[in-house]
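A.B. asks: Please see the structure below; I have some questions.
The values are calculated or read from the model by the stated rules, or taken from the named source; none is laboratory data. From a predicted model like this one, the values you see are computed outputs, not experimental measurements. In this analysis, Cβ positions are derived from the backbone assuming ideal geometry, glycine residues included, and neighbour counts consider all displayed protein chains.
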Amino acid sequence: MKKYQIGIMGSAADLNYSQSAKECAIRLGELIAESNNILVYGAEKEYSSLSTNAAIAADKKGGLTVGITYGKDRNIYGNFKPTILIPCGLEIGGGREFTLILACDAIIAISGGSGTLTEMAIAYQANIPIVVIDQYGGWAKKLSNKYLDKRHRLKCLSAKNPEEALNKVLKILKERSDTNENSKC
């Protein structure tokens, strides 16, 4: 069975996210590991994030984690190191987001500030499915069940919890995979 690369996008610690948002991210990381898929996230250098908490949780459950960091060095915040760390040579807000999102089959957003908004816009442009857990504010809440523009490429699908979010992502990716397999005949 194909392993999907599922990106987790969300608020960095400087946005003072809630403990319940952190617990949601942790549960999401555990679920991705338990589903035998790959968690992809933006590995920050200055502080933690919801995405980092998800990656740590996935790692503790034996999951594969891929961190995309900016710049050229492998120095990231904290003691946690993902299974694979990719310094993309680009800067935050200056290209790292393209590498991060294009490495994903789908993304799940929790809360989120301007970085998450940028990542969601890139996913939208690249036709990468977006699911948002809309219980914690930020851009995930603002874009819940909405299109990013009048093109109506894909909707940012809403989920109330980590289980629902992952189930929606896996369903979409399976449907896409089945469609691609059928088109090869």
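A.B. asks: Every residue in segment 133-150 that is surrounded by fewer than 17 Cβ atoms within 10 Å (Cβ to Cβ) and of a type in the set (D, E), please.
C.D. replies: Correct list: D149 only.
A.B. asks: Given the criterion surrounded by fewer than 24 Cβ atoms within 10 Å (Cβ to Cβ), modelled with pLDDT of 95 or more and not aliphatic (A, V, I, L, M), identify the matching residue among N127, N79, N53, N75.
C.D. replies: It is N127.
A.B. asks: Also, quick follow-up: Do the conditions hold for I84, that is, is it more than 22 Å from D134 (Cα to Cα), surrounded by fewer than 24 Cβ atoms within 10 Å (Cβ to Cβ) and among the aliphatic types (A, V, I, L, M)?
C.D. replies: yes
A.B. asks: Tell me which of these T65 doesn't satisfy, since it passes every other one: (1) under 23 Å from P162 (Cα atoms); (2) modelled with pLDDT under 95; (3) in contact with a Ser or Thr (Cβ under 8 Å, 6 or more places away or on another chain).
C.D. replies: (2)
A.B. asks: Let me ask something else about it. Considering only residues of segment 1-28 that are of a type in the set (K, R) and under 19 Å from A103 (Cα atoms), which is surrounded by the fewest Cβ atoms within 10 Å (Cβ to Cβ)?
C.D. replies: It comes out as K2.
A.B. asks: Could you go through segment 95-115 and let me know if any residue there is part of a loop (DSSP other than H, G, I, E, B) and of a type in the set (D, E).
C.D. replies: yes
A.B. asks: Another one. Can you list the strands (runs of 3 or more DSSP E) lying wholly within segment 5-84 that have 3 or more residues being in contact (Cβ under 8 Å) with a residue 40 or more places away in the chain, of a type outside the set (F, W, Y) and touching a strand residue (DSSP E or B) at 6+ places or on another chain (Cβ under 6 Å)?
C.D. replies: Those strands (runs of 3 or more DSSP E) span 5-10.
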